[in-house]
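What follows is a set of notes on a single structure, which appears directly below.
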Amino acid sequence: MRVPGIYLAAILLSAVGIALLDRRWRLAAWQAPGRTALAVGVGTVFFLLWDAVGIATGVFVKGDSPLLLGIDLAPHLPLEEPVFLAFLCYLALVAWAGAARMLERRRTDAAAPRPEAGR
């Protein structure tokens with residue numbers, strides 16, 4: 001079954017899910033939109049440069065998949081790649097912020113005075 005674009009749609013749908021979690025808990029973009037955009041942008045550019053080196057050295061090649069749109073931004077660089085890389089950076093940022101918040105909450109809860117049992 002050939003469904004061009006399903007991979008891109010899956011990435012975008014996943015990004016919407018992460019953005020909803022981010023919005024609910026104010027972890028990244030809803031906490032600091034400028035810093036989030038900068039971090040995602042820098043991370044995406046870094047990984048695109050990494051891809052470029054991999055493509056130039058022959059390490060990375062684009063496979064043949066009917067799930068891709070078929071639009072290449074450069075040889076062996078499908079349109080979906082920078083979208084995926086941006087999603088990956090955003091996901092990592094949200095996961096990191098969520099973990100940091102959980103650890104901070106644990107630390108705060110552990111430091112809080114506890115009522116004595118049995119009184």
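Counting only other residues whose beta carbon sits under 14 Å from that of Glu80, what net charge do I get with K and R as +1, D and E as -1?
Summing Lys and Arg as +1 and Asp and Glu as -1 gives -3.
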The range 96-111 scanned against label point 7 Å out from Ala32 along Cα→C-beta; backbone N under 18 Å for 96-105
Normalised per residue, the volume inside the convex hull of the alpha-carbon atoms of the chain in Å³ amounts to 166 Å³
Quick note on Leu68, Leu13, Leu79, Leu73, ordering by fewest other C-beta atoms within 10 Å, gives Leu13, Leu73, Leu79, Leu68
From DSSP H assignment alone, runs of 4+ in the chain each adding -39500 (n - 2.57), the sum over residues rounded to the nearest 500 puts [θ] at 222 nm at -22500 deg cm²/dmol
So, with points 7 Å from each Cα along the Cβ direction, the Arg2-Leu69 label distance in nm works out to 1.8 nm
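Computed from the coordinates by the stated procedures, all read-outs in this text should not be read as laboratory data. Just so it is clear, the model here is predicted, and its values are computed rather than measured. As a convention, Cβ positions derive from the backbone with ideal geometry for all residues, glycine included, and neighbour counts pool all protein chains shown.
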